[in-house]
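Note sheet for the following structure.
The values are calculated or read from the model by the stated rules, or taken from the named source; none is laboratory data. These numbers were taken from a predicted model, which means no experiment stands behind them. Cβ coordinates were reconstructed from backbone atoms using ideal geometry, including for glycine residues, and neighbour counts include every protein chain displayed. What goes into the accessible areas is simple: the full protein's heavy atoms, side chains included, and nothing from ligands, DNA or RNA. Shrake-Rupley method; radii C 1.70, N 1.55, O 1.52, S 1.80 Å.
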Amino acid sequence: MTDPLAQGSTIGILGGGQLGRMLSVAASRLGFRTHIYEPGALPPAGDVAHLVTTAPYEDNDAIFAFATTVDVVTYEFENIPTLTLDALEDHAPIRPGREALRVSQDRLVEKEFLQGLGLKTAPFADVPDMAALATALTQIGTPAILKTRRFGYDGKGQVRIMDPTSAEAALAEMQGAPAILEGFVDFSHEVSVIAARGPDGAVSCFDPGENVHRDGILHTTTVPARLSASQRTDAVLLAANILNALDYVGVLGVELFVTPQGLIVNEIAPRVHNSGHWTQNGCVVDQFEQHIRAIAGWPLGDGKRHADVVMENLIGDDMGRVPELARDPATALHLYGKAEARKGRKMGHVNRIVG
Ligand code: AMP
């Protein structure tokens, strides 16, 4: 697909959560239709999409039927089964492409890829078993973090090892899943770059945001981040380096640790990212529209920041604050329409204009 996607075309989105919902809204603003594919009932994205398929990713017939209705396929999460992608790829282009998924689905592959580009990461070692963990701990030292190679998100699937005597218990927590050990990075703060690349190779990065986590979940993103001019340049250049190496099309999130030795890449996410939600009220074109523009082969929009913004996630009970937040004139509310406010569940976010 090289021609820009025409008005009225349908964008297929794998995953019907809040990211799919906001992608869908952005797509409709540009005159596109969306078709959401989601295994769970009542997906938040379903409220704002033209078509919704509710079926498991392993259901080949449903995937085939979905594929025949869409002009391009994108996704809101990285753990899409390989067989689903195999079934889709003969029918519609998948953007971002499969290489980005292959690399970001597995922390070991991801770290090796980043190092191959000359980027700094935490020291790491493959941990298939207890003997490998013992060796890795002698090489990397403590404190260290043991993480599952796949399916980790919001701090899930990871355990800190403060001293080697707790190694066995930590490995047991992986429940047999392949893991990697990472050395503990002594960072001053965490930032992320949300970057976009079009099929013609054009790249546009949003201003890096500074991220604070609570209980492993993103709590706030503040822009501008505390970075020197040269750190800011480094952040943007390394994101562009990753995009080009993957021949990437779409929006990518790059999470970074800021240390006196420079920027260390924690992980990449081949999709729109929670730490890019501030762009909805801080930029002319936000990350969701930028992603849709890129995958549709449209020119990338202007991602320049025109305001200082603090994005705060509304998790679980935070929904009780909505009436008060709705009265604050400097605050833009973005709610996801989820019926049940469970503990730890992302229910919405606010973007507060602070300057
Ligand atoms: P992750 O799931 O890899 O994004 O990790 C979640 C959070 O754990 C990060 O945002 C950091 O705050 C922390 N973390 C992860 N890996 C490391 C590391 N190697 N050193 C220090 N902190 C880490």
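Could you tell me which numbered condition G201 fails, if it satisfies all but one of (1) assigned by TED's automatic domain parsing to the domain that holds C283; (2) surrounded by 14 or more Cβ atoms within 10 Å (Cβ to Cβ); (3) more than 16 Å from the ligand (Cβ to nearest atom)?
Only one criterion in (1) assigned by TED's automatic domain parsing to the domain that holds C283; (2) surrounded by 14 or more Cβ atoms within 10 Å (Cβ to Cβ); (3) more than 16 Å from the ligand (Cβ to nearest atom) is unmet by G201, namely (2).
For the subset of segment 135-163 comprising residues that are open to solvent by 50 Å² or more (accessible area, probe 1.4 Å) and not in a loop (DSSP other than H, G, I, E, B), which member is nearest to the ligand (Cβ to nearest atom)?
It comes out as Q158.
Among the residues of segment 250-263, which ones are among the β-branched types (V, I, T), under 22 Å from H189 (Cα atoms) and either crowded, with 19+ Cβ neighbours inside 10 Å or within 14 Å of the chain's Cα centre (by Cα) (or both)?
First, the residues of segment 250-263 that are among the β-branched types (V, I, T): 251, 254, 258-259.
The next check asks that each one be under 22 Å from H189 (Cα atoms); those that pass are 254, 258-259.
Within segment 250-263, V254, V258 meet the criteria.
Please enumerate the residues belonging to segment 286-295 that are open to solvent by less than 10 Å² (accessible area, probe 1.4 Å), closer than 14 Å to C205 by Cβ and in contact with a helix residue (DSSP H, G or I) (Cβ under 9 Å, 6 or more places away or on another chain).
Q287, Q290, H291
On the given criteria, is D247 closer than 23 Å to Q105 by Cβ, more than 15 Å from the ligand (Cβ to nearest atom), open to solvent by 20 Å² or more (accessible area, probe 1.4 Å) and modelled with pLDDT of 95 or more? Give the derivation first.
Details: closer than 23 Å to Q105 by Cβ: yes; more than 15 Å from the ligand (Cβ to nearest atom): yes; open to solvent by 20 Å² or more (accessible area, probe 1.4 Å): yes; modelled with pLDDT of 95 or more: yes.
For D247, the condition - closer than 23 Å to Q105 by Cβ, more than 15 Å from the ligand (Cβ to nearest atom), open to solvent by 20 Å² or more (accessible area, probe 1.4 Å) and modelled with pLDDT of 95 or more - is met.
Mind listing just one residue for me: the one in segment 186-198 that is within 11 Å of the ligand (Cβ to nearest atom) and open to solvent by less than 20 Å² (accessible area, probe 1.4 Å) and, of those, nearest to L252 (Cα to Cα)?
The residue in question is S192.
Restricting the search to segment 96-108, which residues are outside any loop (DSSP other than H, G, I, E, B) and away from the ligand (no atom under 14 Å from the Cβ)?
Filtering segment 96-108 for residues outside any loop (DSSP other than H, G, I, E, B) gives 98-104, 107-108.
Correct list: R98, E99, A100, L101, R102, V103.
Just to be sure I understand, how many residues within segment 1-46 are of a type in the set (S, T, N, Q) and open to solvent by less than 40 Å² (accessible area, probe 1.4 Å)?
Here the count works out to 5.
Taking segment 118-129 as the search range and keeping residues that are over 15 Å from L256 (Cα atoms) and among the hydrophobic types (A, V, I, L, M, F, W, C), which one is farthest from the ligand (Cβ to nearest atom)?
That would be V127.
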